[in-house]
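K.L.:
Quick one: the structure is below, and I'll ask about it shortly.
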Amino acid sequence: MSHPSARTSFDLITMGRVGVDLYPLQTGVPLAKAETFGKFLGGSPANVAVAAARLGRSAALISRTGADPFGDYLHDALRGFGVDDRWVTPVAAYQTPLTFCEVFPPDDFPLYFYRRPKAPDLEIHADELDLGAIRDARIFWATGTGLCEEPSRTATLAALAARGRRGVTVLDLDWRPLFWGGEGGASGHGGRTGPAAMAAARPHYAAALAHATVAVGNADECEVATGERAPWRAARALLAAGVELAVVKRGPEGVLAVHRDGTTAEVPPVEVDVVNGLGAGDAFGGALCHGLLAGRPLERILRFANAAGALVASRLSCSEAMPTGEEVEALLATAATPPGGAGEPGVPGETPRPSGEDPRPSGEAPRTEAPRTEVPRS
């Protein structure tokens, strides 16, 4: 996997799972009744790379596939989206993962992972990494799923440590309890859920957060990493764990971001007619990277990322649905124009909250959240 003679500096390198998404082309139909399916590139880190590439960024993926026709398809798809696949290598012993979903808009998208006996993307080895390229990337993006099994866990931590907290190093908290259940993740003893699974995962998240400068996650994911679900407490716990910027996705309540320098931003979601919520969080991630690379104000970054996620939620596929910058700006302009009025198109500038100010009472209890369109990610 190492290519010391082919050094290229990328805007973004993501690391983690890749697979084939097989989505029914009928909505509101259970898999048992579905007759036709669309085949798409899937896997959250792969989708984040595609999202960034769609926005004009140079992106690469570190992952592994099976040595099979589906693996060949993923290479073709990555190249077609403009994502460098030099660090996506085959594993002869395992098959390329498949993911099926059911599509019940607006908020029910069950996922069925086929990753047995083990997914090849968990066979990333630390001694095969091109650490020079990882250090040189302007942004490196790793995921919590990469921590669930060896050798991927050691490789993920080695990649994060190699960054030395340079540039932007993102940990996508990416909690998949099914993948923490023993050999093969989704195989063996099956996935565990609840406090026991979180307790087993938390030390590995803590080790990763110590090397990250940005953490991104929803309430469940923040609870795994920090023990906190309430947005402000979760954000502060992530800062205490070592990151510079904590981004807490709140589904229908929008998104909160808190920076170590005291800058904060809260923005509402962009309302769309949801077709398939899968992949919306990955579009958000790619757009977040795009905004950080551009040095935009925090509020503007979040508004742009929210709109990117909303566009994907309004479409069927994940990777193929990732929007261009022009599409995102058009949606933002429409959302900023009130019905019957001219409005002010574009994205407002950042209005930082004074350092330490928190509008929520100190005794805020953990919330039970409404369904989120961005939670399910392939």
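K.L.:
Among the residues of segment 235-277, write down those that are part of a loop (DSSP other than H, G, I, E, B) and either modelled with pLDDT under 95 or within 18 Å of Leu331 (Cα to Cα) (or both).
P.N.:
Arg250, Gly254, Pro268, Pro269, Val270, Glu271, Val272, Asp273, Val274, Val275, Asn276, Gly277
K.L.:
How many residues does segment 291-316 hold that are closer than 17 Å to Ala52 by Cβ, surrounded by 21 or more Cβ atoms within 10 Å (Cβ to Cβ) and touching a strand residue (DSSP E or B) at 6+ places or on another chain (Cβ under 7 Å)?
P.N.:
Matching residues across segment 291-316 total 3.
K.L.:
Still on this structure, I have one more. Identify the residue in segment 305-335 that is outside any helix (DSSP H, G or I) and among the aliphatic types (A, V, I, L, M) and, among all such residues, is farthest from Val270 (Cα to Cα). Don't jump to the end; show me each part of the working.
P.N.:
Looking only at segment 305-335, we keep the residues that are outside any helix (DSSP H, G or I), and these are 314-318, 322-324.
After this cut, where a residue has to be among the aliphatic types (A, V, I, L, M) as well, the list is 316, 322.
Working: Leu316: 18, Met322: 16 Å.
Filtering segment 305-335 for residues that are outside any helix (DSSP H, G or I) and among the aliphatic types (A, V, I, L, M), the one farthest from Val270 (Cα to Cα) comes out as Leu316.
K.L.:
Being in a helix (DSSP H, G or I), of a type outside the set (A, V, I, L, M, F, W, C), under 20 Å from Glu253 (Cα atoms) and in contact with a Leu (Cβ under 9 Å, 6 or more places away or on another chain) is the filter here; which residues of segment 218-234 pass it?
P.N.:
Correct list: Asp220, Glu221, Pro231.
Rundown of residues vs (1) polar (S, T, N, Q); (2) free of Cβ contacts under 8 Å to residues at least 24 places away in the same chain, yes/no style:
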site: Val248; (1), (2): no, no
site: Gly254; (1), (2): no, no
site: Arg260; (1), (2): no, yes
site: Thr264; (1), (2): yes, no
site: Val274; (1), (2): no, no
site: Ala280; (1), (2): no, no
site: Gly285; (1), (2): no, no
site: Leu288; (1), (2): no, no
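K.L.:
Look through segment 210-239, keep the residues that are out of contact with any strand residue (DSSP E or B) (no Cβ under 9 Å at 6 or more places or on another chain) and of a type in the set (Gly, Ala, Ser), and return whichever of them is farthest from Phe140 (Cα to Cα).
P.N.:
Checking each candidate, the answer is Ala230.
K.L.:
Report, by residue number, each residue of segment 43-78 that is under 16 Å from Ala142 (Cα atoms) and either out of contact with any helix residue (DSSP H, G or I) (no Cβ under 6 Å at 6 or more places or on another chain) or free of Cβ contacts under 8 Å to residues at least 24 places away in the same chain (or both).
P.N.:
Gly43, Pro45, Ala46, Ala49, Ala60, Ile62
K.L.:
Taking into account only those residues within segment 91-114 that are among the acidic types (Asp, Glu) and not in a strand (DSSP E or B), which is surrounded by the most Cβ atoms within 10 Å (Cβ to Cβ)?
P.N.:
Glu102
K.L.:
So, in segment 284-306, exactly how many residues are more than 15 Å from the chain's Cα centre (by Cα) and closer than 18 Å to Val272 by Cβ?
P.N.:
2
K.L.:
Right, next: So which residues in segment 7-32 are more than 19 Å from Tyr114 (Cβ to Cβ), out of contact with any Asp or Glu (no Cβ under 6 Å at 6 or more places or on another chain) and modelled with pLDDT of 90 or more?
P.N.:
Phe10, Asp11, Leu12, Ile13, Thr14, Met15
K.L.:
Only one of (1) modelled with pLDDT under 95; (2) among the charged types (D, E, K, R); (3) part of a helix (DSSP H, G or I) fails for Arg166. Which number is that?
P.N.:
Failing condition for Arg166: (3).
K.L.:
Look through segment 169-204, keep the residues that are farther than 26 Å from Leu239 by Cβ and among the aliphatic types (A, V, I, L, M), and return whichever of them is modelled with the highest pLDDT.
P.N.:
Here the answer is Leu178.
K.L.:
Mind checking whether some residue in segment 256-268 is more than 19 Å from the chain's Cα centre (by Cα), crowded, with 21+ Cβ neighbours inside 10 Å and not hydrophobic (A, V, I, L, M, F, W, C)?
P.N.:
yes
K.L.:
Grab the strands (runs of 3 or more DSSP E) fully contained in segment 1-90, keeping just those with 3 or more residues being over 21 Å from Asp130 (Cβ atoms).
P.N.:
In segment 1-90, 19-24, 37-42 are the strands (runs of 3 or more DSSP E) which contain 3 or more residues that are over 21 Å from Asp130 (Cβ atoms).
K.L.:
Mind listing just one residue for me: the one in segment 115-136 that is buried (at least 24 other Cβ atoms within 10 Å of the Cβ) and of a type in the set (A, V, I, L, M, F, W, C) and, of those, nearest to His290 (Cα to Cα)?
P.N.:
Within segment 115-136, the match that is nearest to His290 (Cα to Cα) is Ala133.
The values are calculated or read from the model by the stated rules, or taken from the named source; none is laboratory data. Predicted model, so just to flag it, every value in this text is computed and none were measured. Don't worry about glycine lacking a Cβ; one is built from the backbone with ideal geometry, like all the others, and counts go over all protein chains shown.
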